[in-house]
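Structure first, then comments.
The values are calculated or read from the model by the stated rules, or taken from the named source; none is laboratory data. As the structure is a prediction and not an experimental result, all values here were calculated from the model. With ideal geometry, Cβ positions are generated from the backbone for all residues, glycine too; neighbour counts draw on all protein chains shown. The protein model used for the area step is the full one, side chains on, heavy atoms only, and it has no ligands, DNA or RNA in it. Shrake-Rupley method; radii C 1.70, N 1.55, O 1.52, S 1.80 Å.
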Amino acid sequence: MTPNPRIPWRKSLSVRLLFTSMAIAAVSVGATAWLAVETTTRAIQEERGQVLSDDTDILRQLGGFAATHADWDGVQTLVRTLSRTTDRRIALTTETGHTIADSAAPGTALPARASATVEPLNTDTYTEPGAQLAGIDPRAVGPYLLPPAERAQIKTLAEKRLACMRRYGSDGSSRQSPSGRTVVTSDGGEATVPLQCADGELNTPTRTEMKALDELNALIVSCPDLEQRKGTPLAGAGIDLIPGFDTPASDSGRPLGPTQSCVDSARRTQLDPYVAPRARLFLGSLGRQPTGFNLSPANKAKIVGVTGLVLAVTVAMTAVVAIRLVRPLRALTAAAQQPPQRHARVAVTTKDETGYLAAAFNDLTARREQLEAQRKAMVSDIAHELRTPLTNIRGWLEVTRDGLLPPDPDLIASLHDEALLLQHIIDDLQDLAAVDAGTLRLHREPVGVDELVAQVVSAHRSRAEAAGIRLRTRTTPGLWLEADPVRMRQALGNLVANALRHTPADGTVTLTARQAGDLAVLTVEDTGGGIAPEDLPHVFERFWRAEKSRSRRTGGSGLGLSIVRQLVEAHGGTVTADSPPGAGAAFTVRLPLGPEPDSLSL
């Protein structure tokens with residue numbers, strides 16, 4: 001045998017498993033890390049956007065509180081509500097650092113710097129929709145806040161204006177400003193008032209607004225360029241200064257120019273007593289944890305460490321699995337390289353694919369051992385079968401040659417019988433060799449089953465009558481086979497001959513043919529002694545006999561049933577043997593039905 005070859009490490013199963021597992025682990029870890037970073041980054045961006053939106057809303061609501069209250073009393077409730085809603089820490093302090101309100105527990109340190117300043121008289125134009133360019137929160141109305149009676153009066157005028165506009169084909173809507181004044185706007189955002197509806201009543205300041213405008217006039221007396229505006233109080237153009245009107249202050253459509261800053265300063269002075277003082281706003285996380293994901297060197301080191309650990313665990317587990325997988329394979333290789341006569345086997349230690357392979361190898365070894373024993377037995381049987389007739393022929397010829405026995409007709413007939421037996425054995429061996437080599441040719445043609453049975457019975461009737469055995473048939477007419485008639489007569493003839501050989505006088509051999517689905521079922525039954533259950537699996541083996549001491553005259557050559565099985569299987573059928581205790585033996589042949597002759601295409 002060839003010694004075990006040394007497998008190159010590149011082709012080793014263990015090495016390939018290790019490299020494969022390392023590649024899979026590296027790809028999976030890398031893909032997982034990339035996906036985690038991408039997902040985290042996207043989540044951080046979304047979280048930052050949400051935080052920015054929440055912070056803007058917090059500033060807007062606190063600005064509204066400051067614009068509508070003269071101080072910060074009562075803001076603690078609003079701060080806690082906003083904190084619960086946004087999950088943020090909110091703190092308000094004065095300019096000097098005194099705490100006004102805080103959603104965190106007392107004594108909790110404030111963030112490092114303030115996030116914004118809450119000052120309704122100096123705010124940006126994005127904190128609250130409609131914030132004026134002057135930076136004054138539109139919700140800071142102060143003395144311009146209308147009492148209920150004036151609100152109802154203005155609302156009535158606004159409804160009258162809307163009804164008039166609709167009559168003349170101009171539609172609009174109304175809304176209430178923070179001061180309580182009802183303002184009419186069109187669907188496009190700016191009211192287009194027909195001349196028939198421009199009565200001036202809706203835009204006339206109320207008593208409360210006139211009083212507030214007079215106060216404003218008194219505050220702006222020091223503004224430049226007022227000399228040219230003497231006798232023209234702001235009340236004339238003051239409707240544009242009343243909170244709730246969208247247009248900036250103007251004078252006959254002209255900007256106020258340098259006077260604007262003075263007017264804005266006067267308005268802040270007027271509204272200052274009505275709004276809360278300036279405060280600083282601190283925003284932070286409730287858990288005091290930094291928001292977001294920082295891919296710092298420490299985090300990078302953690303990722304690298306976890307990746308290395310995953311790779312190490314993967315390689316270790318793969319190495320253990322590879323060793324357990326390769327060990328039985330090496331044992332199988334060593335057993336397969338043993339000489340055939342040793343019939344080596346391997347231990348089955350697992351119940352996985354490798355264990356099944358080891359069991360299959362052991363089964364193959366057992367079958368090889370059995371085939372080797374059958375081959376030796378067959379050689380011995382062939383030698384025995386050929387030796388006996390040859391010995392008889394040689395003995396009779398030597399006796400005749402020496403003049404001890406005259407060559408009378410009986411001697412010649414005996415020698416002829418022995419020669420026929422030799423020819424029969426050789427023909428059977430040739431048939432089996434042709435089947436094994438795949439060179440057995442079948443000349444298929446339509447064969448009537450009833451005709452086939454009649455021919456076989458006719459060929460064996462004289463032998464049956466000589467032995468005192470009844471030979472009967474029961475066939476279903478109209479059954480056809482696509483088969484070789486000569487080979488089928490040989491197969492059925494062997495079965496009938498075997499049955500006649502084992503049936504005593506006054507016994508019966510019955511040959512039946514019937515249809516079962518798309519199969520033709522042919523059965524040869526006898527009333528002989530039957531076959532023992534332990535012998536049934538071996539009846540189709542070559543040169544097998546139930547009684548090793550049985551003579552050739554009663555036992556045959558031991559090849560007939562084996563030839564039957566080979567011929568039936570060559571036709572695509574099956575043959576089985578059955579022997580109920582004390583009821584003789586039955587051999588059943590099942591063959592596919594063929595088309596009737598008149599249905600064949602010409």
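Working only within segment 467-508, note down all residues that are among the hydroxyl-bearing types (Ser, Thr, Tyr) and assigned to a loop (DSSP other than H, G, I, E, B).
Hits for segment 467-508 are Thr476, Thr503.
Mind checking whether some residue in segment 526-549 is farther than 27 Å from Asp431 by Cα, open to solvent by less than 70 Å² (accessible area, probe 1.4 Å) and modelled with pLDDT of 90 or more?
No, because not a single residue in segment 526-549 is farther than 27 Å from Asp431 by Cα, open to solvent by less than 70 Å² (accessible area, probe 1.4 Å) and modelled with pLDDT of 90 or more.
In segment 262-293, how many are open to solvent by less than 40 Å² (accessible area, probe 1.4 Å), of a type in the set (D, E, K, R) and either modelled with pLDDT under 85 or not in a helix (DSSP H, G or I) (or both)?
1
Select, from Asp71, Asp57, Asp87, the only residue that is modelled with pLDDT of 90 or more and more than 30 Å from Ala334 (Cα to Cα).
The conditions single out Asp71.
Between a residue in segment 445-470 that is over 23 Å from Pro485 (Cα atoms) and any residue that is open to solvent by less than 30 Å² (accessible area, probe 1.4 Å) and acidic (Asp, Glu), which pairs come within a Cβ distance under 9 Å, given they are 6 or more apart or on different chains?
Correct list of pairs: Ile469/Asp526.
Hey, Thr523 hits all of (1) open to solvent by less than 70 Å² (accessible area, probe 1.4 Å); (2) touching a Ser or Thr at 6+ places or on another chain (Cβ under 9 Å); (3) more than 21 Å from Ala585 (Cβ to Cβ); (4) not aliphatic (A, V, I, L, M) but one; which does it fall short on?
It is condition (3) that Thr523 fails.
Picking from Leu390, Leu405, Leu440, which residue would you name as being under 21 Å from Leu559 (Cα atoms) and modelled with pLDDT of 75 or more?
Leu390
Any residue that is over 21 Å from Ala464 (Cα atoms) and either touching a strand residue (DSSP E or B) at 6+ places or on another chain (Cβ under 6 Å) or open to solvent by less than 60 Å² (accessible area, probe 1.4 Å) (or both) - is there at least one of those in segment 495-502?
Checking segment 495-502: not a single residue is over 21 Å from Ala464 (Cα atoms) and either touching a strand residue (DSSP E or B) at 6+ places or on another chain (Cβ under 6 Å) or open to solvent by less than 60 Å² (accessible area, probe 1.4 Å) (or both).
Among the residues of segment 551-578, which ones are exposed (fewer than 13 other Cβ atoms within 10 Å of the Cβ), over 20 Å from Asp427 (Cα atoms) and either at pLDDT below 70 or of a type in the set (A, V, I, L, M) (or both)?
Result: Ser551, single match.
For segment 71-105, how many residues are open to solvent by 60 Å² or more (accessible area, probe 1.4 Å) and in contact (Cβ under 8 Å) with a residue 60 or more places away in the chain?
Selection size over segment 71-105: 3.
What are the pairs with Cβ atoms under 6 angstrom where one residue, in segment 315-344, is over 25 Å from Val27 (Cβ atoms) and the other, located anywhere, is of a type in the set (Val, Ile, Thr) and at pLDDT below 75? Sequence gap at least six, or different chains.
Qualifying pairs under 6 Å: Pro328/Thr354.
Is there any pair linking a residue in segment 191-220 that is closer than 21 Å to Gly169 by Cα and among the charged types (D, E, K, R) to one that is open to solvent by less than 40 Å² (accessible area, probe 1.4 Å) and not in a loop (DSSP other than H, G, I, E, B), with Cβ under 6 Å and at least six apart or on different chains, and which?
Within 6 Å, the pairs are Glu201/Leu157.
Could you list, in sequence order, all residues of segment 420-441 that are surrounded by 14 or more Cβ atoms within 10 Å (Cβ to Cβ) and either over 18 Å from Arg542 (Cβ atoms) or in contact with a Pro (Cβ under 6 Å, 6 or more places away or on another chain) (or both)?
Result: Leu421, Leu422.
Which residues, taken from segment 146-176, are touching a helix residue (DSSP H, G or I) at 6+ places or on another chain (Cβ under 9 Å), within 30 Å of Val275 (Cα to Cα) and open to solvent by less than 80 Å² (accessible area, probe 1.4 Å)?
Leu146, Pro147, Glu150, Ser174
Of the numbered conditions (1) touching a helix residue (DSSP H, G or I) at 6+ places or on another chain (Cβ under 7 Å); (2) in a loop (DSSP other than H, G, I, E, B); (3) not basic (Lys, Arg), Leu404 satisfies every one except a single condition; which is it?
(1)
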